[in-house]
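**Student:** I have a structure I would like to understand better, so I am pasting it below and will then ask my questions one at a time.
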Amino acid sequence: MVGAMAVSAVSIWTACPLLGLWVGSRVAADSSGGISMLALLTVTVVMFASAYVMVRALSALGVRWTNLTGDKGTVRRHLPWLRSMRGERPSNAPGVEAHLSPLEMILVATVVVCYLVFEIWFFFYSSSPIDQRSGRG
């Protein structure tokens with residue numbers, strides 16, 4: 001189940017955009033030249049729809065994991081008007097330990113990896129708009 005969560009989380013960043021571009025290229029191939037607004041709209045709609053399906057799948061997997069393990073979240077939302085004026089925090093109470101679920105760990109890890117991959121691409125492989133080079137190598 002954790003593997004399915006990881007595949008779904010990575011698919012949001014990889015498979016969904018690629019699927020949208022592939023479907024959009026099929027629509028653009030039918031046009032007489034260049035990209036059309038229909039192709040661009042198709043790419044946008046397919047990317048949004050497939051990402052929405054992946055997010056829903058992640059949500060269902062997270063709920064199923066919680067139901068199977070019985071692990072309830074430890075972080076609670078405290079409304080501002082219900083907070084103590086003395087600055088106490090319920091998380092400081094003895095015996096209360098916050099922990100992340102596997103779904104939360106996977107989502108954090110995929111965002112960090114995507115950020116690092118983008119930074120590596122941007123600084124080492126992208127072209128420079130200043131001096132019109134084809135690459136930074």
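**Student:** In segment 91-135, how many are closer than 27 Å to MET1 by Cβ, at pLDDT below 75 and of a type in the set (A, V, I, L, M, F, W, C)?
**Tutor:** So in segment 91-135, the residues closer than 27 Å to MET1 by Cβ come out as 96-117.
After this cut, where a residue has to be at pLDDT below 75 as well, the list is 96-99.
Pick out the ones that are also of a type in the set (A, V, I, L, M, F, W, C) and you get 96, 98.
Total satisfying the criteria: 2.
**Student:** Is segment 67-85 home to any residue that is touching a Pro at 6+ places or on another chain (Cβ under 8 Å) and either of a type outside the set (Val, Ile, Thr) or at pLDDT 65 or above (or both)? Before you say what the answer is, go through the steps one by one.
**Tutor:** Start the filter on segment 67-85 by keeping residues that are touching a Pro at 6+ places or on another chain (Cβ under 8 Å), which leaves 76, 78.
With the extra rule that they be either of a type outside the set (Val, Ile, Thr) or at pLDDT 65 or above (or both), the set shrinks to 76, 78.
The answer is yes; a qualifying residue exists.
**Student:** Being among the polar types (S, T, N, Q), in a helix (DSSP H, G or I), at pLDDT below 95 and surrounded by 13 or more Cβ atoms within 10 Å (Cβ to Cβ) narrows it down to one of SER50, SER59, SER25, so name that one. Can you show your working first?
**Tutor:** Working: SER50 fails: at pLDDT below 95; SER59 fails: surrounded by 13 or more Cβ atoms within 10 Å (Cβ to Cβ).
Going through SER50, SER59, SER25 in turn, just one is among the polar types (S, T, N, Q), in a helix (DSSP H, G or I), at pLDDT below 95 and surrounded by 13 or more Cβ atoms within 10 Å (Cβ to Cβ): SER25.
The values are calculated or read from the model by the stated rules, or taken from the named source; none is laboratory data. Here the structure is a predicted model, which is why all the values come from computation and not from measurement. Backbone-built Cβ (ideal geometry, glycine too); neighbour counts: all protein chains shown.
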